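The numbers here are math on the coordinates, done by the rules we state, and not lab data. Since we're looking at a predicted model, the values are computed, not measured. Cβ: placed from backbone, ideal geometry, glycine included. Neighbour counts: every protein chain shown.
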Amino acid sequence: MSSGLLIFTLFHTALSLVGIIAGFVVVLGLLAAKPLNGWTGLFLVTTLATSVTGFFFPFHGFTPAHGVGIVSVLVLALAIYARYIRRMAGGWRRTYVITSVIALYFNVFVLIVQAFMKVPALEALAPTQSEPPFAIAQLACLVLFVVLGILAAIRFRSPMEGNLLRNKRQGVWDGRGIDPR
């Protein structure tokens with residue numbers, strides 16, 4: 001590997017790891033109904049940069065990595081649109097949550113693939129990535145992100161939605177979520 005390609009690979013990997021760490025912080029914020037604006041920006045920028053820089057590696061032909069990269073860029077574009085252009089109004093809030101969790105899942109999915117390719121102990125367990133340990137790791141990852149996505153979509157509500165639900169649970173309901181007391 002040339003020194004230029006090595007530096008580019010390290011840069012790409014660093015972006016990916018920062019995106020993954022920031023993404024988990026963002027998801028924890030979603031679960032706590034907190035937008036975490038700074039972490040969100042870091043997550044979206046680094047994850048988009050990871051996907052884009054992935055296209056600059058010297059590959060011949062179309063690979064599964066290109067497919068994941070294309071879908072990831074599309075999902076991130078929708079997340080950015082929902083978050084910053086539509087300002088999470090109405091259904092765009094849930095769109096932002098779901099697309100953010102999907103974008104993080106793609107990044108972690110690729111991390112698992114790379115780990116099974118580059119870490120000798122994992123490569124020994126699944127040299128062709130078609131063996132049960134690899135499938136189990138990817139299935140566990142998918143299940144984790146489906147659960148996180150569902151919980152985040154339920155918990156990350158707008159302040160008005162939160163007021164409506166709280167008032168309804170407390171028996172104070174005038175149809176608008178306003179406490180008439």
**Request:** Any chance you could give the angle, 0 to 90 degrees and rounded to 10, that helix 91-118 forms with the longest Cα principal axis of the chain?
**Result:** 20 degrees
**Item:** Fewest-first sequence of 147, 18 by Cβ atoms within 10 Å of each Cβ
**Value:** 147, 18
**Fill in**
If one compares the long axis through the Cα atoms of helix 64-80 with the longest principal axis of the Cα atoms of the chain, the angle in degrees, nearest 10, works out at 30 degrees
**Prompt:** What relative contact order, as a whole-number percentage, does the stretch 1-70 give when Cα pairs under 8 Å and 6 or more residues apart are counted?
**Reply:** 32 percent
**Size of charge dipole - the chain - debye, nearest 20, with Cβ of Lys, Arg +1 and Asp, Glu -1, no other charges** = 960 debye
**Mean Cα-pair separation over length for the chain, i.e. relative contact order, pairs under 8 Å, 6 or more apart, %** = 20 percent
**Message:** Once R0 is set to 35 Å, what does the formula 1/(1 + (r/R0)^6) return for the Cβ-Cβ distance between residue 85 and residue 119, expressed as a FRET efficiency to the nearest 0.05?
**Reply:** 0.30
**Request:** Please order 24, 43, 59 by the number of other Cβ within 10 Å, starting at the fewest.
**Result:** 59, 24, 43
**Asked** With springs only between Cα atoms under 10 Å, which of 97, 113, 27 fluctuates most in a Gaussian network model of the chain?
**Response** 113
**Request:** Take the Cα atoms of the stretch 1-73, find their three principal axes, and give me the spread along each one in whole Å, biggest first.
**Result:** 44, 25, 13
**Fill in**
Of 33-41, 120-128, ordering from highest average Cβ density within 10 Å down gives 33-41, 120-128
**Item:** Neighbour-count order for 84, 96, 105, fewest beta carbons within 10 angstrom listed first
**Value:** 84, 105, 96
